[in-house]
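The block underneath contains the structure these notes are about, expressed in structure tokens.
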Amino acid sequence: MSAAIVASASGRWDRAITSFDRVIELKSAKADGALYWKAYAQNKLGQRAEALATIGILTKDYPKSRYLNDAKALEVEVKQNTGQGVDPKAEGDEELKLYAVNALQNQNSEEAIPVLQKVLTGTV
């Protein structure tokens, strides 16, 4: 996976995705990491739908992966970048709730303020 890391570090996300795909196809012990980094690279390239699909595969195929928390945070970021509302109530992890609350800044205040009030009062 070192070629993918070198490509990522130099901003050649398309090359990195190709390298990650090779690791994923081998179903090696590093396939879950390759899925996460592929989704990251897809997001960097603006391929938001593809990134969400890749995160879905990671979640489904590797439910005990150490990359799941990072993937959930990336999913919040991707959804934020697509303009999709992110509901902190739907997030179970406190850190992910913070990401979701941060994403609310891009929504109009009529929708965001009631959600923020619930978060602050602990009713979420």
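Which order, highest average first, do 61-67, 31-37, 49-55, 15-21 follow once you tally other Cβ atoms within 10 Å for each residue and take the mean per peptide?
31-37, 15-21, 49-55, 61-67
Multiplying the sequence separation of ASN81 and ALA49 by 0.36 nm and subtracting their Cα-Cα distance, what value in nm do you get?
Result for the pair: 10.4 nm of gain on full extension.
First check a/c for the stretch 13-89, with a ≥ b ≥ c the square roots of the eigenvalues of its C-alpha gyration tensor; if it is under 1.5, answer rounded, and if not, answer prolate when a/b is larger than b/c or oblate otherwise.
oblate
If I model a spin label as a point 7 Å beyond the Cα along the Cα-Cβ vector, how far apart are those points for LYS30 and THR18 in nm?
1.8 nm
Quick one: net charge of VAL78's neighbours, Cβ under 13 Å, K/R +1, D/E -1?
Charge balance near VAL78 sits at +1.
Rule-based calculations on the coordinates, nothing more; no lab input. The structure presented is a predicted model; accordingly, all values stated were derived computationally and were not measured. So basically every Cβ, Gly included, is an ideal-geometry build from the backbone, and we count neighbours across all protein chains shown.
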